[in-house]
Each structure stands twice: as C-alpha cells, then as structure tokens.
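Shown next, in structure tokens, is the structure this report addresses.
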Number of protein chains: 2
Amino acid sequence: MSDVFPTPPTDRFFEDYKLGATYILGSFTVTEAEIIAFASAYDPQSMHTNPGLAAQGPFGEVIASGWHTVSRSMRLLVDNFLPFNGLAAPGIDELRWPRPVRPGDTLTLQATIQEARRSRSKPDRGLIHTLLELINQNGEVVMTMKPMNLIRVRNPEG
Amino acid sequence: MSDVFPTPPTDRFFEDYKLGATYILGSFTVTEAEIIAFASAYDPQSMHTNPGLAAQGPFGEVIASGWHTVSRSMRLLVDNFLPFNGLAAPGIDELRWPRPVRPGDTLTLQATIQEARRSRSKPDRGLIHTLLELINQNGEVVMTMKPMNLIRVRNPEG
C-alpha cells in the first residue's frame, strides 16, 4: 500500500511529507544498451561496458553502474516526490547497492519519510530525511539510500 | 603534493593503496550544455535545466545536478584510481554537495585513503575507505563522499 500526496508537485510543501508515510514513486526498466552507454561515459569498468569480459565475471553479464541506477531513480524523485522548483539538496547518507542490476530488470522506487523537522535557522523551510529503496521484479532490494531534502514550508508563520 | 601509485591500473592491488596517502586524480570542466543535457535525462529540476528560471533563483544560473558531478568524478576514479577489471563497490557514505557547480567550473578530484584492511571472510580481497574531495578553481570544495571499495589482494597468502 502506498501513501498518496495530497497535492501535485506544483503545490507541494514541507507540510505534505508525513512522518512514517511510504510512497511508491514509479518503476523503470533498464536495457543492456543503456547500461553500456551510461557506463561508457561515466563508469567504464568492464563489468558495466564489456559483455564479453562480464560474461566471465561473477555476474555472468554486464550489470548497471551504481551511478546509473541512482540517476534513473533520481528521475522518479523529481517527477513524483520533490516539489516543482525546489531547493538544492545538501546530501545523501548510506548509499548501498546490495545486489546487481541486470539488463531487463524492472525496478520500483519506494520512499519512506524517516524524519521531518522545521529548520530553526531558516523558518521558510524544513528538512526531511527519507529512506529510498529500489526493488527489482523479484522483490529484491538493489539500492538503498537516505537523502536529505530541504523543502519550502507552505505556511512559514504556522 | 600528490602521492603516486607504484603500479598502473592493470597491475594495481590492495597492497598499493597506502593508508593516509592522498592522490590527485585529475580534473574536468563542465559546460552549461552538458549540465542541461545530463539533468534533462536524469534530474530535470529547473535549477539544472532552465537557464531562465535559474537566473531568478538563488544561484543566478543553472548549476550541475549533484549526480552529474558524481558521475563525472566517477570517470576519474575509474581512469586513475581503481584497478582495471575490479570488483563491485558496496556503497558510499556521507555524500555532500556543500557548494554549487557552475558552468565553466574546472574541478579537481583528490582521494585520501582513510582505512585499509584485509577481509576476514574473503582473504583474496581488502576493503578501503576513501575520502573523496572535489575542489573548484577557487579552492572551494563542491563535493565530498566516502566510498568503500573492495580491491583484490596481490598476494593472498601474504
């Protein structure tokens, strides 16, 4: 079961992120061609770019660069989680890739709000801590991370 | 001053990563066109993709997606730090973007080995913890992160 935001991204504020809520943010599928193209530009290790060498390695085929997996997930955050025209994010904790992402995998992103508090120094915003889990078609977690996001407050005087 | 690896990536093993050593891994420059292209695919927030809106925002121009900055840095890790044909990385801690990356910035990546120990369960490899710092042409840190990397041991019996 997924919680649902009460507002669209164009009218979404700190007050709309509920502590403990879990949102399903959508899915995407990765292809071998896309895995090789991303990795050739940014992460040209043979496990990501060379099907011949990768076939002899521990995974038996190319697997996605962890940064490719993160970047595809970011797209879902932008489309379905963050407010439109938001603030820059300060950082990420505990990024993990516990299992490989393989060509053809369909991955679903889930976000759980673990902490939400108003900023003391800047009353126009709040800080949320989220647990993101990316889950493959077999129900296995392939990536987790804990981003921090600064979100504008709807009612700064509230 | 940069430490220098004793071996090329094709012959680099756990023993070559010295605790406390700092390696300068190279530099790259980002363009506005590249910032917009990466963000349009993976992080289409207006601060990264829309020069008109970004001009009215806190940074006065588009800034790079944090994932773009990380991905460009990863390329330097692959080319100048990690062994050729290496192992998958388990994760990253404390990824931070303390300052924006702007069009035209030239960024230099520096890696300091903070921890290096042999695996107890798998004696053919070791785990290194590295502090990565990405520094702009003004000497300001724009990104830090602490990756963990599993590196094959040259002499598993040693």
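The values are calculated or read from the model by the stated rules, or taken from the named source; none is laboratory data. The model shown is predicted, which means the values in this text are computed figures rather than measured ones. For neighbour counting, all protein chains shown are included, and Cβ atoms are generated from backbone atoms with ideal geometry for every residue, glycine included.
Here is how the numbers come out for the structure above:
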| quantity | calculated |
| --- | --- |
| Leading residue by the ranking (farthest from the other protein chains (Cβ to nearest Cβ)) among those in segment B:20-40 that are surrounded by fewer than 22 Cβ atoms within 10 Å (Cβ to Cβ) and in a helix (DSSP H, G or I) | B:Glu32 |
| Sole exception among (1) surrounded by fewer than 15 Cβ atoms within 10 Å (Cβ to Cβ); (2) in contact with a Leu (Cβ under 7 Å, 6 or more places away or on another chain); (3) assigned to a loop (DSSP other than H, G, I, E, B) for B:Ser121, by number | (2) |
| Residue that is farthest from A:Ile35 (Cα to Cα) [pool: residues in segment B:59-82 that are aliphatic (A, V, I, L, M), facing chain A (nearest Cβ under 8 Å) and part of a loop (DSSP other than H, G, I, E, B)] | B:Ile63 |
| Matching option when the condition is over 16 Å from the mean Cα position of the chain (by Cα) and at pLDDT below 95, among B:Pro44, B:Pro6 | B:Pro6 |
| Out of A:Pro90, A:Pro123, A:Pro100, sole residue that is farther than 18 Å from B:Ala41 by Cα, at pLDDT below 95 and facing chain B (nearest Cβ under 8 Å) | A:Pro90 |
| Index of the failed condition, B:Asp43 passing every other in (1) in contact with a Ser or Thr (Cβ under 6 Å, 6 or more places away or on another chain); (2) within 8 Å of chain A (Cβ to nearest Cβ); (3) within 11 Å of B:Val101 (Cβ to Cβ) | (3) |
| Some residue of segment A:53-61 being surrounded by fewer than 15 Cβ atoms within 10 Å (Cβ to Cβ) and of a type in the set (A, V, I, L, M) | yes |
